[in-house]
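Colleague: Below is one structure. I have some questions about it.
Coordinate-derived values only; no laboratory data. Just so you know, these numbers come straight off a predicted model, no measurement behind them. Here the Cβ positions follow ideal geometry from the backbone for every residue, glycine too, while neighbour counts run over all protein chains shown.
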Amino acid sequence: MIHRLPSLVRTFAVAAAALGAVAATADGARAQQLYDFGSAFGRAAAVSGDQLLVAQPQNVVSEGRVYAYAPSGAGWTEQQVLTAPNGHRSDWFGRALAADADGLAVGAPRTNDGAGAVVFFRPGANGWQATHTYTPDGPATAVGSAIALAGGTAAWTEQEDGREQVRVMQWSVGAPTVEATLSGRPGDTRYGAALVALAPDLLAVCGADSEGNAVIDLHRRGSDGLWTEAARESTGVTLSLTGGLLSQDAYTECGLQAGEGYLALGLPVAPGGGAVRVYRLTDADGLELDAELSPPEGAAGRFGTSVAIAAGPTLWAGAPVSRGQLGTVVRFARGATGWDAGTAVQGPGTDFMPVFGLALAAAGDAAVVGAPGDDYGAGIAVAFQRSGSDWAERGVLAGEVEGYEAVDGEEVDCSEGSAALFGCDQVDLVALLPVEQMGASRGAMVNDVWGWTDPETNREYAVVGRSEGTSFVDVTNPANPIYLGQLPKTEGSRGNAWRDVKVLRDHALIVADNAGAHGMQVFDMTRLRDVDPADPPTFEADALYTEIGSSHNLAVNEETGFAYTMANSGGGQGCASLHIVDLRDPKSPAFAGCYNDLTVGLGAAGQTHDAQCVLYHGPDENYQGREICFAYSESAVSVGDVTDKANPEVIGKAVMPNTAYIHQGWLTEDHRYIYVNDELDEMNGLTDATRTMIWDVQDLTDPVLAGVYLADNNATDHNLYVAGNLMYQSNYAAGLRVIDVSDPVNPVEVAWFDTAPYADEVPGFFDGSWSNYPFFSSGNILVTSHKQGLFILRRRVPIS
């Protein structure tokens, strides 16, 4: 059946499970931020009485949420889900939380067109009830990015005229009243990066002084009701100050927490992988250093990003990027002689950047640790409870995961600029198969896609890469796609954002980047003929090529029977640029040679991101009939003759002007031109619009830049392919773009379809269309879109 707006948008709850890893490749340089792909359950947390509160702020198609849990037997039970009054999608409600026994304050820094808000709740007979929402009446923005609360005094961070500041409000009696605005001293930056209310009349604020050193200011409300600075403690630790205070891709530079008579300051950028300083408050409103705690072995990695103090006293400190961004928390107990050496606690996530410990909350005998990157950015939180002197895990908490309803049974025409909620022009929506309906784990995303037409039955199939495996879908009846089963990632490997799939004759080939010992999987596609769709199987690979461990990408030449992997790590055979595999007998893959061009690459000599290898039939007579590879190698396009696999030869190079990261490209069908994209030029300000470079390669030894195509948007480009006189570009937040290249040096956009209509509203997101496959004779176009799933689209045939 067809699902139209608004029913197309929904959330779905699924069981927690999933694995992943940190990417080391160049276009994975931003892997540290990849948990922001998801809704990030566990990005903030608080404890109020016997309740745990866990936020899921980064929903994009719906509003942020805060989940309230109460103890139940040996675990915790969800009691309530809070949203902001008049909340809306992408409001980031829950980006910051603060609670005491009598109240809860929740920040929503992206609501009100970026002005932000703080929502206050009181406990009642029916759970938490919203009592007041603070919104700025002046030029302030990003209100509620950090919050403190104690005994009716609330404080939060905001920005005004480019400077961070802290507002203080009294809300315990009558109408809430803003009492003060604290801006620190001249030259202070990131003021309020962390803050905590030590008491109703005492507030601690973390920031950086004019020299960049982390400082704590104590502010006291006097008997006259005025707030003044009571003391300042300078740590001598220089903050990195990368990104803005409210930047979603910047880890906290300092963390503050008070409790049990102590104040803890986390310094995640301190030498040695971070540090935590513990202070006592003196009678004169000063801070007396009690201890400086260092991360134990295995816990270095922004140790101190989050801190919390519970009964005992017990101090918890998060090190979210330790262990390759798996994350660790360290629990310190204080005895008669001081703090112990700490006990490292690891979360249940085993890969894909769970960043366990990015958020922490503790009070009394309860603690909760957020791992917002776990389950591929869907996020989890782990609850702990104290009994006597011992702490024990008491359950894994997980929120709902965003997504879209399936669209099937009836096509959705592109009418008046949209097909359901998806913007479009001259492209109809035939079907949408959401990620979770393709055998995916919680939070998993799709990435690459390729197609196969069965030569015996003429049925069409999609091969869809996911974070943790590969899905097979029968798309013969495109309005009713049928999921046929999956091939999981190689046992022992890690899941990740990057998986690349191609089909060589009747066999699918699958590689994964930064996945450990994954190798290249070989799967016989003819096995799909016998699948019962009512019982989709989990397949095993027909062969596994282990001369590589991980590969970022894969190219195939169906005419010759060879495959080319690149950006390889591990395995038995190392190649700088292209690793050549003989697949003429697909179930017995064999190493055939290396193509190396050490004059290209950014991260390492020869490093290559993608390639296209063809049996050349272009205008350069010197190479007609030979196997030529165009290697998209970060800094340039390397052109190589790989006919003799034992002795490949570099024959030419296209050095791109004003580029950041040469990503991928494709030949015109006559092999005269190549269209080349740069994945990072838009983000680095090298172009104001999505840019495609057009190279004339009629002389393979001397490519010439023939033109530049600029789109009418500035989305980051990813994969492009040419079929006939049309170029199909998957450009993340801009979706699929169809461009007429009948005049090769003067392309014209003729159609488009936006697969992720809200992706461009969240800076830094790489959500949206990853890849496409436009080569089916039926004319149906496969498009993968990260969190949304597999789209089957059809371009409208123009009426001449």
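Colleague: Roughly speaking, what is the centre-to-centre gap between the range 135-149 and the range 771-800 when only Cα atoms are used, to the nearest Å?
Modeller: 44 Å
Colleague: Sticking with this one: Using a basic spin-label model with each label point 7 Å from the Cα along Cα→Cβ, how many nm lie between ARG232 and ASN684?
Modeller: In this crude label model, ARG232 to ASN684 measures out at 3.9 nm.
Colleague: Past the 29 Å Cα-Cα mark, which pairs from LYS587/LYS787; LYS489/LYS787; LYS645/LYS787?
Modeller: Listed pairs above 29 Å: LYS587/LYS787; LYS645/LYS787.
Colleague: Which are the unpartnered cysteines of the chain, meaning those with no other cysteine Cβ under 4.7 Å from their Cβ?
Modeller: Unpaired cysteines in the chain: none, every one has a partner Cβ under 4.7 Å.
Colleague: Moving on to the next point. So, R0 is 30 Å and r is the distance between the beta-carbons of ALA291 and ARG163; what FRET efficiency does that work out to, to 0.05?
Modeller: After rounding, the FRET efficiency stands at 0.35.
Colleague: What shape does the range 42-401 take by its C-alpha gyration tensor, where a ≥ b ≥ c are the square roots of the eigenvalues and a/c under 1.5 counts as rounded, a/b above b/c as prolate, and the rest as oblate?
Modeller: It is rounded, given that a/c, with a ≥ b ≥ c, falls under 1.5.
Colleague: Let me ask something else. Could you tally the net charge around ASP351, taking each other residue with its Cβ under 12 Å from the Cβ of ASP351, Lys/Arg +1 and Asp/Glu -1?
Modeller: Local net charge: 0.
Colleague: Give me the Debye-computed log₁₀ of I(q)/I(0) at q = 0.11, 0.20 Å⁻¹ for the range 381-479, equal point scatterers on Cα only, no solvent, two decimals.
Modeller: Cα-only, vacuum Debye calculation for the range 381-479: -0.52, -1.12.
Colleague: With Cβ to Cβ distances under 12 Å as the rule, what net charge do the other residues near TYR134 carry (K, R +1; D, E -1)?
Modeller: Residues near TYR134 contribute -1 overall.
Colleague: Around LEU726, under 11 Å between beta carbons, what's the net of Lys plus Arg minus Asp minus Glu among the other residues?
Modeller: That sum, taken over residues with Cβ under 11 Å, equals -1.
Colleague: Given a Förster distance of 25 angstrom, what is the FRET efficiency for ASP506 paired with HIS617, based on the Cβ-Cβ distance and rounded to 0.05?
Modeller: So the FRET efficiency works out to roughly 0.55.
Colleague: Kindly rank 431-438, 521-528, 642-649, 97-104 from highest to lowest mean number of other beta carbons found within 10 Å of each residue.
Modeller: Put in order of decreasing packing, that is 431-438, 97-104, 521-528, 642-649.
Colleague: Sort 485-496, 739-750 by the packing proxy (mean of other Cβ within 10 Å over each peptide's residues), most packed first.
Modeller: Ranking, from highest mean packing down: 485-496, 739-750.
Colleague: Test of understanding: extend the Cα→C-beta vector of THR546 to 7 Å, then name every residue of the range 447-491 with backbone N under 14 Å from that spot.
Modeller: Under 14 Å, as judged by backbone N against the label point of THR546, lie 490-491 of the range 447-491.
Colleague: A further question on this structure: Between GLU410 and SER777, what FRET efficiency follows from the Cβ-Cβ distance if R0 is 30 Å, with the result rounded to 0.05?
Modeller: 0.80
Colleague: Read through the labelled values (i) 133; (ii) 166; (iii) 306 and report the label of the one computed as volume of the Cα convex hull per residue in Å³ from the structure.
Modeller: Label (ii) holds the value from this structure.
Colleague: Turning to a different aspect of this structure: Give, in nm to one decimal, the length gained when the segment between SER387 and ASN658 is fully stretched (0.36 nm per residue of separation minus the Cα-Cα distance).
Modeller: 91.4 nm
Colleague: Separate question: Could you pull out which residues in the range 551-583 have an amide N less than 12 Å from a spot 7 Å beyond the Cα of ALA517, following the Cα-Cβ vector?
Modeller: Answer for the range 551-583: 571-572.
Colleague: Express in whole angstrom the spacing between the alpha-carbon centres of the range 330-373 and the range 501-568.
Modeller: If you average the Cα positions of each part, the centres end up 39 Å apart.
Colleague: Here's a follow-up. Could you give the length gained on full extension between THR453 and GLU211, defined as 0.36 nm per residue of separation minus the Cα-Cα distance, in nm?
Modeller: So the chain would gain 80.8 nm between THR453 and GLU211.
Colleague: If the chain between THR77 and HIS132 were fully stretched, how many nm would it gain, using 0.36 nm times the residue separation less the Cα-Cα distance?
Modeller: Full-extension gain reported as 17.1 nm.
Colleague: A further question follows. Taking a ≥ b ≥ c as the square roots of the Cα gyration tensor eigenvalues, with a/c under 1.5 meaning rounded and otherwise prolate when a/b beats b/c, else oblate, which class fits the range 676-800?
Modeller: oblate
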